[in-house]
Amino acid sequence: MERYLEVRGLWKSFGPVLALHDVSFAVERNEFFTLLGPSGCGKTTLLRCVAGFEQADAGEIAVEGHDMRFDPPEKRDVGFVFQRYALFPTMTAYRNVAFGLEMRGLHGAELDRRVQEALDLVRLRGLEHRRPRELSGGQQQRVAVARALVIRPRLLLMDEPLSNLDAKLRQEMRTEIRRIQKETGITTLYVTHDQEEAFSLSDRILVMDAGRVQQIGTHAELYFQPANGFVADFIGQANRLPGEVVAAQVEETTVRVLGETLRLPRRPGLAPGQRVFVSVRPEHVRLAVCPGDSCLKGRVRQRQFLGPFLRYFVDIGGAEVVADISGITLDGLASLPQEGDNVTVGFSPHDCTLLEA
Amino acid sequence: MSGGGRRGWLRLADVMVATLLGFFVFAPLAVLVLLSLTEEWGRAFRGGLTLRWLLEVPNAFGAAIAHSVLIAGVTMAATLLMSAMVAYGVLTRRVHGPILVDTLVMTPLTIPYIVLGLALILAFKAPPFRLHGTVWLLLIGHLMIAMPLGYRTTQAVMEATDLSLVEAARSLGASEWTAVRRVILPLIAPGLVAASLLAFVTSLQNYSLSFMIAPERYKLAPLEIFTYVFAETGAYSNYNLAAAVSLCMMLVLLSALGVVRWLTGQSWHENINV
Amino acid sequence: MDAARALPRVGVTAPGRAASVAKSWIWLGLLLAPFLLFVVYPFAALVKTSVVTPTGAFTLRFYQDLFAIPRYLDKTWNTLAIAALTTTLSLLLGVPLSFYLWKRQFPGKRILVNLLVIPYMTPNYILALAIIFLFGQNGALAFALRRLLIDPEYRLPFNILFTYHGILAVFIFHSLTLVVFLVLALLAGIEPEYEEAARSLGASSLTAIRRVVLPMAVPAIAGAGVLVFSRVMVDYVVISLMGGYRYATLAVEVVNRYFGYLTYELAAALAVFLSTMTMAIMYGYLYWFRWRRRA
Ligand SMILES: Nc1ncnc2c1ncn2[C@@H]1O[C@H](COP(=O)(O)OP(=O)(O)OP(=O)(O)O)[C@@H](O)[C@H]1O
Ligand SMILES: [Mg+2]
């Protein structure tokens, strides 16, 4: 595993606000790496520290082993795509793209070739002589990407570049960005608070909350093995059932949840008597059929028809469990549990994650 | 280190810029304060602090100040009335600020005061309207230069106000008048008051227009200051007294603008004109 | 859209209701009557005075005089020269100063910038007085030096009164704060992202400002320039207070002709000429601004 960009022990505070709290991670060459987290968690701050717009209070930022903490932004050789694009309003699209090359002393035919190449890459040929305000949001976004890419930076940084676009265009640009990143092979650090966007684009994802790293991993890892309650909640939907460890054996941990005893795969570091959460996703919850040992009794409070699946809200002794039942047919609807029915709720132990309370 | 040297130069530049700004900000006020409080400072100089000059202001300038404040006060009231009319017009959609109206109302702002004064004299020195030499012409002139500011400010305020609030209030059962009074008026009132205070300031400090059209023996504060200045020629040249009255005027202007700023909570400087 | 706005348009809530239309016009009339009567009509009277001989015949003689008699050409030249000089100098000083204030942080900056309100709203004649009190031969500086040098006869090596540089100093003092204010107000609205974008593309801080931020500030700088220029151009009070009749401008000459020589027609012609210039500059700027927006 090659560590291309390495961030180690980064701290940053704005007065009393601690924006980054000991953040460390490494990005591989050619990787598409995403920072995902709720609003205000410090994603932008982290990106701005890497770009050099913000000075971290402590920590190291290195590309290919070269520490660039004290380099000014213009010496760092990173491309930055801003949330609101920050296209220079007094210049045409062409001049915007050419700017970085001019700063590198390029001119004439070479400059023109590189600019055209970049405009081709983002499919903007023919619009190069328009000014930013004469371009649509999506077109502006493409210019911003071309402008950042044309200098062939060592790193491409993007701060929620799609958040200003409408839903349809966002889908389109998502595929575009992934295509461009694949074509150029540029190592990319991408910021978003949209989980779907992060999943569809990234090789790996870093989940942040309140300035701290919560988990780093692939989409599957984040989804199926959330490291803690925050990740479980933030990524997709999860039922969190409060419980208590009864016994911690070699292979499994026995937990008492809502008056029932469940035997779950072992999680190290848990002692009997400890309070825990059992996290299970709605699509893994089954109703009516009791598979055996992990089995709870409840009553359907509400049933919602959502097209591809039915969503049940089941009341189990005061706690609520959400269950998504898919693969339904018109004929099958009637035979499924109705509102007010008593049901048994079950899930496979393998689909559960034990989280410390 | 070169970095350290650069930082040193920047620090020096900071100090120089701060000094320059400080001079700009404080020097005029400071010299006025100093002069108003010094025993004698004209051809000769006698140190020592005194309140004599400031206390003499009401004596020497009483009439002038009263006239200036009266004219400015009437101008302010008229501007408030006009601002309210404009606001009401926009509210009831009688007029959407057509460009002809805008241009016409704004014209006084592009005409030099001296020229406006001359035009008013020439138009009203003979029948049918013989107003030249009366206070009425002075008042009219001041209204013409102050009301455009009120018009413009009011328009800006109305543009920034969401008029669908009226509809929202009416959908909740308020009559049109109640909706305007309870919802719109509190929103725009600070703007309207600010507009009329600007009119007050504009009128109070005006020199050139008053110089042209003020009746002969009608004293006004800005004109009166000058009688006390010309040390070389004036019989009663008195720097101290001139400084004292200037200082008083500055204090009035500053407090008026302070109130404007406080009312609008925004930058006020867009409203001051040529 | 702009063409539509250029036409006088009286809005009516309920389309087709005659009463409403009439009300609109009455309302408009109420608003406009004072301006028609006390601005448009007097201006027409002014123009009329400038093109009619005392016997009542039409003539352009007075305008010909303006362009033929060296005295008036001088005044025009004086006016344009001092306005241009003031504008150039206060922009040259004020624009870099604004950018410096925008970029740098130092203790007391915020307060000082906010207090610029004071010189900004000081009437120009009070500013002129203050400068005379400060730098005149009987001013604070002179007295201080007399004390310091123990020489009661000491005179400053420069004169503020009756000199060109004295007048210029007052104008620049008065204009500089305007420039700084307008430019700073615009800069304050420019997101730091533009500069950051330029820097991430390899521009140094200075280059980023010169190539990216400065062009964005051009309208505000031009606007400040236009305001300064027209403010100086129409000035009467500073020049007469500083005793600069030798450097009389058109506004001063208007007053001279009218009060001094009682030649109304010439005064009127001068006044029309002067206001034509100020209007041309103001509206020229406005149209340039609109055109620039659209282009
Ligand atoms: N210049 C600043 N001054 C003071 N506080 C700041 C500054 N920049 C960021 N912060 C604070 O730091 C924290 C992290 O902000 P940041 O902009 O990095 O969040 P974010 O994850 O990008 O959020 P969003 O998704 O809303 O863009 C926030 O609490 C914010 O208020
Ligand atoms: Mg952000």
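The values are calculated or read from the model by the stated rules, or taken from the named source; none is laboratory data. Model, not experiment: these values are computed from the prediction. We place every Cβ from the backbone using ideal geometry, glycine too, and count neighbours over all the protein chains shown. Accessible surface is based on the protein model in full, side chains and every heavy atom, while ligands, DNA and RNA are left aside. Shrake-Rupley method; radii C 1.70, N 1.55, O 1.52, S 1.80 Å.
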Practice prompt. Might you work out the accessible area of A:HIS284 for me, using a 1.4 Å probe with all protein chains in place, and round it to the nearest 10 Å²?
Written response: 40
Worksheet entry | 10 Å beta-carbon shell around B:PRO112, net charge (K/R +1, D/E -1) | 0
Worksheet item: Rg to Rh for segment B:96-166: what is it, with Cα atoms only and Rh by Kirkwood?
Response: 1.13
Fill in: Rel. contact order, % - alpha carbon contacts under 8 angstrom, at least six apart, segment A:3-230
29
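If I compute solvent accessible area with a 1.4 Å probe over the protein chains, what percent of it on the protein assembly as shown is carbon and sulfur?
60
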Practice prompt. State the dimensionless ratio Rg/Rh of segment A:315-357 (Rg: radius of gyration of Cα atoms; Rh: Kirkwood radius).
Written response: 1.03
Discussion item. I'd like the distance separating the alpha-carbon centroids of segment A:256-286 and segment A:1-32, in whole Å.
Written reply: 33
Fill in: Approximate shape of the protein assembly as shown as ellipsoid semi-axes (Cα gyration tensor, √5λ), whole Å, largest first
69, 35, 29
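Please report, ordered by residue number, every helix of chain C (full DSSP H runs) that is 15 Å or longer along its axis going by C-alpha atoms and whose mean Kyte-Doolittle hydropathy reaches 1.6.
What comes out of the filter, once short or polar helices are dropped, is C:124-135, C:164-188, C:214-233.
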Fill in: Kirkwood hydrodynamic radius over Cα pairs of segment A:3-230, then Stokes diffusion coefficient at 20 °C and 1.002 mPa s, in µm²/s
119
Practice prompt. Would you rank C:TYR283, C:TYR72 by solvent-accessible area, highest first, keeping every protein chain in place and using a 1.4 Å probe?
Written response: C:TYR283, C:TYR72
Discussion item. Counting only other chains, and only Cβ atoms inside 10 Å, what mean value do you get across the residues of C:103-112?
Written reply: 3
Practice prompt. Report, in cubic angstrom per residue, the convex hull volume of the C-alpha atoms of chain B.
Written response: 222
Worksheet item: Among A:LEU124, A:PHE199, A:GLY9, whose Cα lies farthest out toward the positive end of the dipole of segment A:3-230, if unit charges sit on the beta carbon of Lys, Arg (+1) and Asp, Glu (-1)?
Response: A:LEU124
Fill in: Degrees separating the helix B:52-91 axis from the principal Cα axis of chain B, which is the longest one
20
Worksheet item: If you rank A:ASP57, A:ASP159 by how much accessible surface each has, with a 1.4 Å probe, what is the order from largest down?
Response: A:ASP57, A:ASP159
Item to complete: Measure up A:LYS12/A:LYS43; A:LYS12/A:LYS75; A:LYS12/A:LYS182 against 23 Å on the Cα-Cα distance and list the ones that go over.
Response: A:LYS12/A:LYS182
Worksheet item: Excluding ligands, DNA and RNA, what is the solvent-accessible area per residue of chain A at a probe of 1.4 Å, expressed in Å²?
Response: 44
Worksheet entry | In segment A:1-110, the GluC sites (Glu not before Pro) that fall in loop regions by DSSP, at most 12 other Cβ within 10 Å | A:GLU2, A:GLU64
Worksheet item: Local charge sum around C:THR207 (other residues, Cβ-Cβ under 15 Å, Lys/Arg +1, Asp/Glu -1)?
Response: +3
Worksheet, complete the sentence: Sorting C:TYR264, C:PHE99, C:ALA203 by the position of each Cα along the dipole of chain C (Lys, Arg +1; Asp, Glu -1; all at Cβ), the one nearest the positive end of that ordering is C:ALA203
Discussion item. Inside 10 Å of the C-beta atoms of C:172-185, what's the mean count of C-beta atoms belonging to other chains?
Written reply: 2
Discussion item. Distance between the C-alpha centers of segment C:26-49 and segment B:182-196? Whole Å please.
Written reply: 28
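Can you give me the orientation-averaged projected area of the convex hull built on the Cα atoms of segment C:63-294, in nm²?
17.2
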Worksheet item: Given the rule -39500 (n - 2.57) for each run of at least 4 DSSP H residues, summed and divided by the residues of the protein assembly as shown, what is its mean residue ellipticity at 222 nm, to the nearest 500 deg cm²/dmol?
Response: -17000 deg cm²/dmol
Worksheet item: Tilt of helix B:239-264 relative to the longest C-alpha principal axis of chain B, in degrees (0 to 90, nearest 10)?
Response: 30
Worksheet, complete the sentence: Toy charge model, Lys and Arg Cβ at +1, Asp and Glu Cβ at -1: segment A:3-230 dipole around Cα centroid in debye, rounded to 20, equals 560
Worksheet item: With charges only on Cβ, +1 for K and R and -1 for D and E, what is the dipole size of chain C about its Cα centre, in debye, rounded to 20?
Response: 600
Discussion item. Projecting each Cα onto the charge dipole of chain C (Lys/Arg +1, Asp/Glu -1 at the beta carbon, about the Cα centre), which of C:PHE133, C:LEU148, C:THR86 comes out farthest on the positive side?
Written reply: C:THR86
Discussion item. Could you order the peptides C:60-68, B:31-39, B:19-27 from most to least packed, using the average number of other C-beta atoms within 10 Å per residue?
Written reply: B:31-39, B:19-27, C:60-68
Worksheet item: If you add up the charges near A:ALA93, with Lys and Arg at +1 and Asp and Glu at -1, over every other residue whose beta carbon is less than 10 angstrom from its beta carbon, what do you get?
Response: +3
Discussion item. Restricted to Cα positions, what overall size does segment A:237-356 have along the principal axes? Three whole-Å values, descending.
Written reply: 47, 24, 24
Fill in: Among C:LEU92, C:LEU112, C:LEU270: highest mean-square fluctuation, GNM of chain C, C-alpha pairs under 10 Å
C:LEU112
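If you put +1 on each Lys and Arg Cβ and -1 on each Asp and Glu Cβ, how big is the dipole of the protein assembly as shown around its Cα centre, in Debye rounded to 20?
Around 2320 debye, computed over the protein assembly as shown.
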Item to complete: For the C and B pair, go ahead and give the buried accessible area with a 1.4 Å probe, both sides summed, in Å² to 100.
Response: 8200
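Hey, any idea what Rg/Rh is for segment B:60-187, computing Rh the Kirkwood way over Cα pairs?
Reported Rg/Rh (Cα atoms, Kirkwood Rh): 1.10.
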